[in-house]
1. Hey, can you tell me all the residues within segment 39-55 that are surrounded by 13 or more Cβ atoms within 10 Å (Cβ to Cβ) and over 14 Å from Leu27 (Cβ atoms)?
2. Quick one: how many residues across segment 56-86 are touching a Cys at 6+ places or on another chain (Cβ under 8 Å) and either assigned to a loop (DSSP other than H, G, I, E, B) or of a type outside the set (Gly, Ala, Ser) (or both)?
3. Just to be sure, is Ile81 exposed (fewer than 10 other Cβ atoms within 10 Å of the Cβ) and under 13 Å from the mean Cα position of the chain (by Cα)?
4. If you go through segment 35-82 one residue at a time, how many are over 14 Å from Thr19 (Cβ atoms), touching a residue at least 24 places away in the same chain (Cβ under 8 Å) and among the small types (Gly, Ala, Ser)?
5. Out of (1) hydrophobic (A, V, I, L, M, F, W, C); (2) outside any loop (DSSP other than H, G, I, E, B); (3) at pLDDT 85 or above, what's the single condition that is false for Phe90?
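The values are calculated or read from the model by the stated rules, or taken from the named source; none is laboratory data. Here the structure is a predicted model, which is why all the values come from computation and not from measurement. So basically every Cβ, Gly included, is an ideal-geometry build from the backbone, and we count neighbours across all protein chains shown.
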Amino acid sequence: MSVLPPPFDWSKRLQYDWTSQEGLNKLKGIVGPSLKYDPRHFQLYDSGCILNGTDVFCISATGDGKSALIYIPALARPEMITIVIEPTNFLEANMVRECENKAGPS
């Protein structure tokens, strides 16, 4: 017989206010060593919103680094489950390659 885990306590879900200056610095310190580049402000801030549980709608040009909004939160909270739906096989393969280059095997 399996046992269900207790309900998630949303009041204790946040370790930091990830969008505060302290939270952004903490986030950069956690993910910075795993990245081959210095994350841009919008990448850190939007990732902070995601980690805070806020919905994010990001409009940016091709190549600006929107994909970082998937792997920065995943790097910051490796225990978190990340589900990504890609519209094409090419984009899926590209995302797997990016994640493996930045964080190891997917």
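1. Residues of segment 39-55 surrounded by 13 or more Cβ atoms within 10 Å (Cβ to Cβ): 39-40, 42-52.
Residues satisfying the conditions do not exist here.
2. Initial filter on segment 56-86 (touching a Cys at 6+ places or on another chain (Cβ under 8 Å)): 56, 66, 69-71, 74.
If we keep only those that are either assigned to a loop (DSSP other than H, G, I, E, B) or of a type outside the set (Gly, Ala, Ser) (or both) as well, we get 56, 66, 69-71.
Number of matching residues: 5.
3. Values: exposed (fewer than 10 other Cβ atoms within 10 Å of the Cβ): yes; under 13 Å from the mean Cα position of the chain (by Cα): yes.
Yes; evaluated as a whole, the condition is true for this residue.
4. Within segment 35-82, residues that are over 14 Å from Thr19 (Cβ atoms), touching a residue at least 24 places away in the same chain (Cβ under 8 Å) and among the small types (Gly, Ala, Ser) number 4.
5. (3)
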